[in-house]
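**Q** Handing you this structure, nothing more for now.
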Amino acid sequence: MFDALKNFIAEVSGAEPAARRFDEEDYRLAAVALLVHIANVDGNTDLAERRRLMAIIEERFGLDPKAAAELIATAEQSDREAVDFYHFTSVLKRALDDDGRQKIVEMLWDIAYADGVADEFEENTIWRIAELLGVSTRDRVLLRQRVAGRATQAGPLEGPWAAAAAKGKA
């Protein structure tokens, strides 16, 4: 509590806080831990997924690259220590309304499609997380279609799927 007050005063006065901390009840940490899990669920986090993860965190949470990197490192540790998704999803359910929880699911799909294809592990994991967040099946599917449409329009793929996609078109 004291640290939060100290950071608030530092922000208001224009001074930079000594160090940013993302505690376990911070919805950003919960969201990024889930994003990190999706990026790693297929056993391979490629460059496209890492770039997209960093971009999402900077864009959606308004963080600079240093704070985003700190949040990712903290989230990776939280994900390694977690036994299930409930801790993360319960934090998100308390902090966000329905629209906010749908945005989290959209971000999860965004990471899943960062390499051009969402594999079955990513799909299943997002389904389970969406259920815990209270996002309906209909909304989850609509969000997936929206993100998949953007991914298709984004251009050439990066990562391990690029070669497979190129062979399929030849």
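Readers should treat all values here as calculations from the given coordinates under stated rules, not as data from a laboratory. Keep in mind it's a predicted model, so treat the numbers as computed, not measured.
**Q** Quick one: Debye curve from the alpha-carbon atoms of segment 26-154 only, equal weights, vacuum; give me log10 I(q)/I(0) at q = 0.17, 0.20 Å⁻¹ to two decimals.
**A** Relative scattering, expressed as log10 I(q)/I(0), comes to -0.82, -1.19.
**Q** How large is ³J(HN,Hα) for each residue in segment 104-121, as worked out from phi by the Karplus curve 6.51 cos²θ - 1.76 cosθ + 1.60 (θ = phi - 60°), to whole Hz, x for Gly and Pro?
**A** Values per residue, Gly and Pro as x: 5, 4, 4, 5, 4, 4, 4, 5, 4, 8, 4, 9, x, 9, 8, 7, 5, 5 Hz.
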